[in-house]
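Take a look at the structure set out below.
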Amino acid sequence: MGAPTWAPLRPCHLLLLLGIFLFLLYLSSWHLQLSLSACVWGGHSCPWLGETLPEEEEEKEEHVPVSAPTMTLKTPLPLWGEEFNIRHVQRAFKDSLTPRGEILLREYLHGWRQLTKFMDALGTAFGLISQETQSKITIMQQHQDGHHGLHYRTVQSMVNFELASGLVGFQTLPATQPPSGCRTLLRLHRALKWLELFLHKLGTSQKDDKPYQMCLDTYREALAPYHSWWVQHAAALAFLAMPSRQELYRIIFTRQEKQAAQAIVLTTVESLGRVYNVTQDVYSAHGMLELP
Ligand SMILES: *[C@@H]1O[C@H](CO)[C@@H](O)[C@H](O)[C@H]1NC(C)=O
């Protein structure tokens, strides 16, 4: 008596709604995974986003098996297989900058491999961006291992070589050509700014600060301007999977290092910042900050 007639139906409605929601979530995550990674970094055509970027076969070169490594190791570098260690990031980026202000690409890429380990350690939050970063590293590695490898010793020598040979691709590249080192490095360069800002926030954060918010704020500042509306929202969604601040520090440091944790993060940020600034100057001097 007096009970509304719709009351017994409510659980059914809820279940139905939940089902539809989960189904949509499943569909969208599946769809995003397939399509997003292809156009996160721009330069790709993203038909489902309605973008009209020129067709560019960027991934084409990436699956060509790399011939036997021809790198001549002068200084021993830590093995790739090791777990993430922020000291390796710091050292690699520090070593990449010579006293004459050149950026050594081998060390730079080594630093990036460490940074992708960091992103991978954070789980799905950075998954998309980590994947794209790795493909950029692969392209750069192929330039280094290729015929003109000698020109890819430093950022400066690469820029000079590609400018002189007309390889930069200020408008677009012919589909038959691999993406230029300049435009590939530019993608890494922009992402480096983001990680620099994020690690700086993390290194200066207080106990109750939320990594999700730090991540989102720095992403909006450094990377979002280069991404489409859809990618920006997908990235923001993915950041929700960020671990807590405490968990982040656990990932970055072993137990003994906890005391010096923030200091190490900030030293690393300093190294990233120096390398970023030099790269920025080189690119800006040649009007290459907006390469497609
Ligand atoms: C990089 O350049 C910015 C802007 O010029 C400057 O504020 C910052 O201190 C520089 N960073 C480093 C590590 O030199």
Item to check | Gain upon complete extension [Leu237, His148; 0.36 nm per residue less C-alpha separation] | outcome: 27.9 nm
Checklist entry - What's the local net charge at Leu223, with K and R +1, D and E -1, over the other residues with C-beta under 12 Å away? => result 0
Next on the checklist: Please compare each pair in Lys136/Lys210; Lys94/Lys201; Lys136/Lys207 to a cut-off of 26 Å on the Cα-Cα distance and tell me which ones are over it.
Outcome noted: Lys136/Lys210; Lys136/Lys207
Checklist entry - Taking H as built 1.01 Å from N, whose amide H comes closer than 5 Å to the amide H of Leu97, not counting residues under 5 places away? => result Leu104
Checklist entry - What does the highest-first list of 100-111, 183-194 look like by mean Cβ count within 10 Å? => result 183-194, 100-111
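Between Rg and the Kirkwood Rh of segment 213-253, both from Cα atoms, what is the Rg to Rh ratio? Don't skip to the answer; put the middle values down first.
On the way: Rg = 11.7 Å, Rh = 11.1 Å.
Taking Rh as the inverse mean 1/r over Cα pairs, Rg/Rh reads 1.06.
Please state the shape class of segment 207-292: rounded when a/c is under 1.5, otherwise prolate if a/b exceeds b/c and oblate if not, all from the C-alpha gyration tensor.
On the way: a/c = 3.48, a/b = 1.32, b/c = 2.65.
Taking the square roots of the gyration eigenvalues as a ≥ b ≥ c, segment 207-292 is oblate.
Between Ala285 and Ala261, what's the calculated FRET efficiency when r is the beta-carbon distance and R0 is 30 Å? Round to 0.05. Write out the running numbers ahead of the final one.
Values: r = 37 Å, r/R0 = 1.23.
My answer for the efficiency is 0.20.
A short reminder: the numbers here are calculations on the coordinates, not readings from a lab. Since the structure is predicted, the reported quantities are computational estimates derived from the model, not experimental observations. Quick reminder, even Gly has a Cβ in these numbers, built from the backbone with ideal geometry, and neighbours come from all protein chains shown.
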